[in-house]
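Heads up: the structure comes next, in structure tokens.
The values are calculated or read from the model by the stated rules, or taken from the named source; none is laboratory data. Just so it is clear, the model here is predicted, and its values are computed rather than measured. Every residue, glycine among them, receives a Cβ derived from its backbone with ideal geometry; neighbour counts consider all protein chains shown. Surface areas here come from the heavy atoms of the whole protein model, side chains and all, with no ligands, DNA or RNA. Shrake-Rupley method; radii C 1.70, N 1.55, O 1.52, S 1.80 Å.
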Amino acid sequence: MFTIRDELRTVLRDVAPERPIETPQSTRISVAGHELLNFCANDYLGLANHPRVLAAAKSALDTHGFDMASVRFVCGTQPLHIELERAISGLLRTEAALLQGSCFDANGGIFQALLDNRDAVISDALNHASIIDGIRLCQAARFRYRTRDIDDLEAQLRQAAGYRRRLVVTDGVFSMDGSRAPLAAICDLAERHDAMVMVDDSHGVGVLGVTGAGTAEAAGVQDRVDIVTGTLGKALGGASGGFVAGRSEIVELLRRHSRPYVFSNAVPPVVAAGSLAAIELVKTGAADRHRLRENTESFRRSMIEAGFELLPGDHPIVPVMFGDSALADRMSAALSAHGVHAVAFAHPVVARGAARIRVQLSAAHTDAEIAYCVDAFVRARNDVAAGGNA
Ligand SMILES: *Cc1c(COP(=O)(O)O)cnc(C)c1O
């Protein structure tokens, strides 16, 4: 007898259902038959369905097949996988890179492979769930510092002084705020305390830095970061896949000891080929980071002029703050009624009282679409103030 059914139903009562998208991922999507402008995908560079990405993926289906039916080290590695790993380390200018099923897997496998009970990990309090879970899987002593707080990081590093290895880990860009880790100061401190630095740059790679190498490049500390993890699922085409890049000895250790790498199937060739094409577009400058920056600036400017409260920053993640979670939900529903898809986030994903709609810009948004979105925010605010849901 499934006796916990009622209990689970109570837990599930407030969970909003997923809203299936009936079109390919794009700035214009269809949900339940309604066309919506999409302002919450991670497709920062508009590469998710770029013609070159599609062509590469289609052709790989014919030349390399649908899947590998194997983990990498048994019989799941094609030259394509190695080429993609080279392209990733080329983009990030690291010694080596290892492809993983996702960035969640990359973070899930790294700590237990590298650290044991003689070691310490010092982690930003706002780090991504996959880092938190990855740390839970290892035996290292855990230290947590207040988000982006260099003084607290130093205090934690002092406490961790007696351990064999010390690893400082931070998101490059924090996904709910769009804020960046102070990587230059973190690298300075880590050097002084003989600690390694790991950056999960899922929201930074392809977006930040002169060549798109990410947050470390933008901070001028690329050669001082020991490990970068990241995803293929955001700026780099949006597919399912992730990676670890960095010092070659660490990468090769993970090739043997990262459990999600060793015990889970290879990334399908179609995904590898499409992601490779997306990375080429980033490398050659064909993916328009300049346009993404302009779109972000113009959206931020217009929203501030319209009187909305934004968290400051320059990342295409733009949090529009409402505080109260019911208000943020009503705004999101009203936006939807006005043709804009943008999702509200509340506790426990963000702090209590800091509910927000997280808007994400893409290089693929047109000026008209951005203007429409700002206008929809204004109309939604009027509707909500008038007491309706539009
Ligand atoms: C999106 C994200 C991930 C997860 O990436 P997947 O490849 O989808 O598993 C991990 N870390 C951070 C910081 C992210 O933003």
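Per residue, the convex hull spanned by the Cα atoms of the stretch 1-159 amounts to 272 cubic angstrom.
Per residue, the solvent-accessible area of the chain (1.4 Å probe, heavy atoms of protein chains only, all protein chains present) comes to 45 Å².
Charged neighbours of R118, selected by a Cβ distance under 10 Å, balance to 0 (K, R count +1; D, E count -1). Comparing Cα centroids, the stretch 34-75 and the stretch 329-390 end up 28 angstrom apart. Comparing mean-square fluctuations of E18, E309, E217 from a GNM of the chain with C-alpha springs under 10 Å, the top value falls on E18.
Longest stretch of the chain clear of exposed loop sites (chymotrypsin sites (Phe, Trp or Tyr not before Pro), DSSP loop, at most 13 other Cβ atoms within 10 Å, sites excluded): 67-262.
Grab the Cα-Cα distance for A385 and R28, subtract it from 0.36 nm times how many residues apart they are, and report the gain in nm with one decimal.
On the way: separation 357, 0.36 × 357 = 128.52 nm, distance 2.75 nm.
Separation in residues times 0.36 nm, less the Cα-Cα distance, equals 125.8 nm.
Using the Cβ-Cβ distance between D133 and V349 with R0 set to 22 Å, the FRET efficiency from 1/(1 + (r/R0)^6) comes to roughly 0.90.
For the residues N38, N265, N117, a GNM of the chain with alpha-carbon springs under 10 Å puts the largest fluctuation on N117.
Here the Kirkwood formula, the inverse mean of 1/r across different C-alpha pairs, assigns the chain a hydrodynamic radius of 22.0 Å. Between R13, R352, R379, the GNM of the chain built on Cα springs shorter than 10 angstrom shows R13 fluctuating the most.
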